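**Q** Questions regarding the structure given below will be posed in turn.
The values are calculated or read from the model by the stated rules, or taken from the named source; none is laboratory data. Just so it is clear, the model here is predicted, and its values are computed rather than measured. Heads up, the Cβs are rebuilt from the backbone with ideal geometry, glycines too, and the neighbour counts pull from every protein chain shown. Surface accessibility is based on the protein's heavy atoms, side chains included, excluding ligands, DNA and RNA. Shrake-Rupley method; radii C 1.70, N 1.55, O 1.52, S 1.80 Å.
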Amino acid sequence: MSYDVVVIGGGPSGLMASIAAAEKGAKTLLLEKGRKLGTKLAISGGGRCNVTNRLPEEEVIKHIPGNGKFLFSPFSVFNNYDIIAFFEEMGVDLKEEDHGRMFPVSNSAKTVVNALINKLDELGAEVRMKTPVKAVHYDQNEHTVILDSGEKLYTKSLIIAVGGKAVPHTGSTGDGYSWAKKAGHTVTALYPTEVALTSNEAFIQNRSLQGLSLRDVSLSVLNKKGKPIITHRMDMIFTHFGISGPAVLRCSQFAVKELMKGHEKVSMLLDVLPDKQKDHLIQEILKNMENSPKKSFKNILKGLVPERLLDHMLTIHKIDGEQKSATVSKEAVRNVIHDLKHFRFDVHGSLPLKKAFVTGGGVSIKEVVPKTLQSKFMHGLYFCGEILDIHGYTGGYNITSALVTGRLAGLNAAAENKAGSDV
Ligand SMILES: Cc1cc2nc3c(=O)[nH]c(=O)nc-3n(C[C@H](O)[C@H](O)[C@H](O)COP(=O)(O)OP(=O)(O)OC[C@H]3O[C@@H](n4cnc5c(N)ncnc54)[C@H](O)[C@@H]3O)c2cc1C
């Protein structure tokens, strides 16, 4: 069989690419190896499908630290607000939640995925499920897609939308990288991002803080000189292997990149009381101690931070929390408060890519035309979504990147087939 456009991968980027190509009248085929379309899209945002983010365009790009700037050009054609309009036109009402995250009003991922499937159907695009692609061959006029079954399909334009390598049970097993290399593309080093970090610190290994959640803390990744590379203020949790939670996920790619430079460990700096000034806090506590000299030191500090963390700090400084505050030295107070404001510890690695939310690295963006998503090396070849070396924070930013790059790849793949098309 011969097609104008074949799209490999039925994630958000491939679905959008197929819709865009079919809208332009291209004979379009979408190939998906799994039993379902949009599997990863459906589990995003805690299973409610975080379709995009409605922060201003520049903010969205700032939240895509992995080459987000590449998206300035595609955004000039189709941006996050266009995604919102696109879904609403299909009858999917969206609502805004914290940090600009957009979800279907139904709170059901099915609403979003079904709307995309219905749209494909309405446009007459062909969809083949349970159809893994084994290989691709590039040629002068047409490219050949070889299925696992041995069947061969021919296409003028090929869109590779197979995602990265994170959470492979969703179908994203990194199949597209070798196809990109075959066309002469560079695939930059792959690494886990939006991932929990591991630590060999004794307090992690002996699990003394395991399960402790901290709300609204400030967490930084430090460089070798002890200067913050990045700071995020969000929640976090200590686990049996290290640290996790929103602040950690956002910091993770910066820590992982430092470790990739060959450093054995990376220092993290935690401020558990980001709204309080250290000196004020010390003065406040010293005053309370003076007013209540018979109260135990631990009682004076009660409510400041979770008790388990306080116990940990007291243990580090060998302070008996039960002793009367009159007997506690000013230096001890300073030490404890210093650690609550500047708790420094090391991380030594991360969970593997298969347990990360997002893949760092991928097809080099230098070799792809930003406005068309076309390969600079091969006619009729396009890349979109997480296979590209673009990665953002969770919160709808990766999905935005997938939908926007998918849209442009689809429009332009169709146009390449149809001289004079009005893209
Ligand atoms: C648990 C989880 C939560 C997430 N939450 C968020 C969030 O809140 N916000 C956010 O922005 N991002 C989130 N992400 C990331 C986001 O879901 C992905 O970045 C996005 O889905 C990537 O889209 P894609 O189309 O490039 O690839 P994918 O969604 O990975 O889709 C690729 C598709 O290609 C198919 N495929 C692969 N190989 C072949 C082959 N050989 N033949 C045929 N088909 C093939 C796969 O089966 C898959 O269906 C989350 C990810 C995970 C795992």
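**Q** Simple spin-label model, 7 Å along Cα-to-Cβ: HIS240 to LEU273 in nm?
**A** Result: 3.3 nm between the two label points.
**Q** Note down the magnitude of the dipole of region 196-350 about its Cα centre, charges +1 on Lys and Arg C-beta and -1 on Asp and Glu C-beta and zero elsewhere, to the nearest 20 debye.
**A** Magnitude of the dipole: close to 220 debye.
**Q** List, in order, the whole-Hz ³J(HN,Hα) value for each residue of region 300-306 obtained from phi through the Karplus relation with A = 6.51, B = -1.76, C = 1.60 and θ = phi - 60°; use x for Gly and Pro.
**A** Ordered by residue, 3J(HN,Hα) equals 4, 8, 3, x, 5, 9, x Hz.
**Q** Over region 76-233, what is the relative contact order in percent, taking alpha-carbon pairs closer than 8 angstrom and at least six residues apart?
**A** 8 percent
**Q** Hey, what do the phi angles of region 279-286 turn into as Karplus ³J(HN,Hα) couplings, whole Hz, using 6.51/-1.76/1.60 and θ = phi - 60°, x for Gly and Pro?
**A** For region 279-286, the Karplus-derived couplings read 5, 4, 4, 4, 4, 4, 5, 4 Hz, x marking Gly and Pro.
**Q** Over the alpha-carbon set of region 293-390, divide Rg by the Kirkwood Rh and report the Rg/Rh ratio to two decimals.
**A** Ratio of gyration radius to Kirkwood radius: 1.45.
**Q** Between HIS137 and ALA189, what FRET efficiency comes out of the Förster formula 1/(1 + (r/R0)^6) with R0 = 35 Å and r the beta carbon distance, rounded to 0.05?
**A** 0.85
**Q** Another question, if that's okay. Determine the share of region 100-240's accessible area contributed by carbon and sulfur atoms, expressed in whole percent, with a 1.4 angstrom probe.
**A** 47 percent
**Q** Related question: Each residue of region 206-223 in turn: what ³J(HN,Hα) in whole Hz from Karplus with 6.51, -1.76, 1.60 and θ = phi - 60°, glycine and Pro shown as x?
**A** With the stated coefficients, region 206-223 comes to 8, 6, 5, 10, 3, x, 7, 9, 10, 9, 6, 9, 10, 10, 10, 9, 9, 7 Hz.
**Q** Using alpha carbon centroids, what distance separates region 359-411 and region 1-47, in Å?
**A** When both Cα centres are located, 14 Å separates them.
**Q** Please arrange MET378, MET268 by accessible surface area, largest first, computed with a 1.4 Å probe and ligands excluded.
**A** Sorted descending by solvent-accessible area, the residues read MET378, MET268.
**Q** Further question on the same structure: When the distances between all Cα atoms of region 196-350 are binned every 10 Å from zero, what whole-number percent does each bin get?
**A** 11, 39, 31, 15, 3, 0
**Q** Express in Å², to the nearest 10, the accessible area of MET90 obtained by rolling a 1.4 Å probe over the protein heavy atoms while all chains stay in place.
**A** Counting only protein heavy atoms, the figure is 50 Å².
**Q** So, one more: In the chain, what percentage of the DSSP-assigned beta bridges are antiparallel, given to the nearest 5?
**A** Beta bridges within the chain, antiparallel portion: roughly 70 percent.
**Q** Around GLY349, which amide H atoms from residues at least 5 apart in sequence, or from another chain, sit under 5 Å from its own amide H, with H modelled in the peptide plane?
**A** THR198
**Q** Using the beta-carbon distance between LYS294 and LYS224 and R0 = 45 Å, what value does 1/(1 + (r/R0)^6) give for FRET efficiency, to the nearest 0.05?
**A** For R0 = 45 Å, the calculated efficiency reads 0.45.
**Q** Follow-up question, since we're still on this one. Going by Cα centres, region 104-162 and region 261-336 are how many Å apart?
**A** 58 Å
**Q** With n ≥ 4 as the cut-off for DSSP H runs, can you work out [θ] at 222 nm for the chain, using -39500 (n - 2.57) per run divided by the number of residues, rounded to the nearest 500?
**A** -10000 deg cm²/dmol
**Q** In nm, to one decimal, how far is the LYS152 label point from the SER2 one, both placed 7 Å along Cα→Cβ?
**A** 1.3 nm
**Q** Hey, with R₀ at 22 Å, roughly what FRET efficiency would LYS69 and ARG233 work out to, going by the Cβ-Cβ distance, to 0.05?
**A** It comes to 0.40.
**Q** Still on this model: If the chain between GLN205 and SER178 were fully stretched, how many nm would it gain, using 0.36 nm times the residue separation less the Cα-Cα distance?
**A** Computed gain between GLN205 and SER178 is 5.8 nm.
**Q** Between VAL217 and residues 5 or more places away or on another chain, which pairs have amide H atoms under 5 Å apart, with H built 1.01 Å from N, and which residues are they?
**A** MET234, ASP235, MET236
**Q** In nanometres, what is the gap between the two model label sites at LYS376 and HIS338, each 7 Å from Cα along Cα-to-Cβ?
**A** In this crude spin-label approximation the distance works out to 5.1 nm.
**Q** Region 261-327: D in µm²/s via Stokes-Einstein (Kirkwood Rh, Cα pairs, 20 °C, 1.002 mPa s)?
**A** The estimated diffusion coefficient comes to 157 µm²/s.
**Q** Additional query: How big is the charge dipole of region 1-68 about its Cα centre, in debye rounded to the nearest 20, if each Lys and Arg gets +1 on its Cβ and each Asp and Glu gets -1 on its Cβ?
**A** Dipole size: approximately 360 debye.
**Q** Among SER213, GLN277, PRO246, pick out the residue whose Cα is farthest towards the positive end of the charge dipole of region 196-350, where Lys and Arg carry +1 and Asp and Glu carry -1 on C-beta, about the Cα centre.
**A** GLN277
**Q** What does the highest-first list of 368-375, 340-347, 243-250, 3-10 look like by mean Cβ count within 10 Å?
**A** 3-10, 243-250, 368-375, 340-347
**Q** Roll a 1.4 Å probe over the protein chains and send me the accessible area per residue for region 196-350 in Å².
**A** Ligands and nucleic acids excluded, the figure is 51 Å² per residue.
**Q** What net charge is computed for the residues neighbouring ASP148, neighbours being all others with C-beta under 11 Å from the C-beta of ASP148, Lys and Arg scored +1, Asp and Glu -1?
**A** Cβ neighbours under 11 Å give a net charge of +1.
**Q** Here's something else I'd like to know. Let me check against my output: what whole-number percent is the relative contact order of the chain, with C-alpha pairs under 8 Å and at least 6 apart?
**A** In percent, rounded to a whole number, it is 25.
**Q** Between THR144 and LYS324, what is 0.36 nm times their sequence separation minus the Cα-Cα distance? Round to one decimal in nm.
**A** Roughly 56.9 nm would be gained on extension.
**Q** What does the highest-first list of 402-413, 54-65, 135-146 look like by mean Cβ count within 10 Å?
**A** 402-413, 54-65, 135-146
**Q** Test of understanding: express the Cα radius of gyration of the chain as a ratio to 2.2 N^0.38 Å, with N the residue count.
**A** Ratio of Cα Rg to 2.2 N^0.38 Å: 1.16.
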